[in-house]
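Notes follow the structure.
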Amino acid sequence: RKLKPSDRWNEQELHEAFSLQKAGLFGRLSNTGIGKLAVGVSGDVDSALALLAACGTLDMLGLPRENLIAVVLPGFDTADAAYYNALKLISVLGVSLREISVKDSVLQHLANIGRDTSNLSYDDDQFLDAQTRERSIVLFDLADQEGALVVGTSDLSEIALGRCTFGGDHMS
């Protein structure tokens, strides 16, 4: 059904949606034989849901939660509250934690393309998109290194807000 902003999901619909997410991921892991996952965790709702779905899927498969690598990727746009929320959630769920800052690599990338980095702002799409793409590169490289599958938020939350970074949010 098509939802309107005034619609509210009932608890059963939320459980069904969450079950579908886990079932889809269950199928991917079963079909590929991959038993490890990597999730970028920002501390916001969309990545928290991806992390919870990944945990639930590993539980369904009888795999240890240590097989889930929760990656915190702080950058220039990382709010303290979101950062600490991510760390708390990761700790409570008992998954593996990796923290990899993207600050230096984003500055290097922008310098490599000839961008002046002395006046960056949070209204600057190139600056924000560079951080998003760098996070994606790190997640995919780490997943390759660990033999894991990247689980992401896709572009659903970002497109609802009117933006989606090509080569970033929508690739997982």
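For the reader, a short list of remarks on this structure follows.
- Residue in the range 104-126 that is more than 17 Å from the chain's Cα centre (by Cα), of a type in the set (D, E) and modelled with pLDDT of 95 or more present: yes
- From the list V106, V150, V138, the lone residue that is outside any helix (DSSP H, G or I) and either within 28 Å of G33 (Cα to Cα) or hydrophobic (A, V, I, L, M, F, W, C) (or both) is V150.
- Residue within the range 60-69 that is within 29 Å of F127 (Cα to Cα) and either among the β-branched types (V, I, T) or open to solvent by less than 60 Å² (accessible area, probe 1.4 Å) (or both) present: yes
- Residue within the range 89-97 that is in contact with a Gly (Cβ under 6 Å, 6 or more places away or on another chain) and polar (S, T, N, Q) present: no
- Filter result (more than 27 Å from S101 (Cβ to Cβ) and in contact with a Ser or Thr (Cβ under 8 Å, 6 or more places away or on another chain)) within the range 26-64: F26, L29, L61
- Inspection of the range 11-30 finds no residue satisfying the criterion of being open to solvent by less than 70 Å² (accessible area, probe 1.4 Å), in a loop (DSSP other than H, G, I, E, B) and under 18 Å from V150 (Cβ atoms).
- Within the range 34-53, considering residues that are in a loop (DSSP other than H, G, I, E, B) and among the hydrophobic types (A, V, I, L, M, F, W, C), the one farthest from the chain's Cα centre (by Cα): I34
- Per-region count, the range 101-131, residues among the aromatic types (F, W, Y) and open to solvent by 60 Å² or more (accessible area, probe 1.4 Å): 1
- Enumeration of residues in the range 156-172 that are assigned to a loop (DSSP other than H, G, I, E, B) and either open to solvent by less than 40 Å² (accessible area, probe 1.4 Å) or at pLDDT 90 or above (or both): T165, G167, G168
- Scanning the range 29-65 for residues that are touching a residue at least 60 places away in the same chain (Cβ under 8 Å) and among the basic types (K, R) yields a single hit, K36.
- Residues of the range 82-100 classified as under 21 Å from T132 (Cα atoms), open to solvent by 70 Å² or more (accessible area, probe 1.4 Å) and not basic (K, R), total: 4
- Contacts under 6 angstrom Cβ, first residue in the range 77-102 being over 14 Å from A50 (Cβ atoms), partner acidic (D, E), 6 or more apart: A82/D44; S96/E66; V102/E134
- In the set G75, G56, only one residue is in a loop (DSSP other than H, G, I, E, B) and open to solvent by less than 30 Å² (accessible area, probe 1.4 Å); that residue is G75.
The values are calculated or read from the model by the stated rules, or taken from the named source; none is laboratory data. Values in this document were obtained by computation on a predicted structure and should not be read as measured data. Note that each Cβ is placed from the backbone with ideal geometry, even for glycine, and that neighbours are counted across all protein chains shown. Each accessible area value is taken on the protein alone, full model and side chains, heavy atoms only, with ligands, DNA and RNA left out. Shrake-Rupley method; radii C 1.70, N 1.55, O 1.52, S 1.80 Å.
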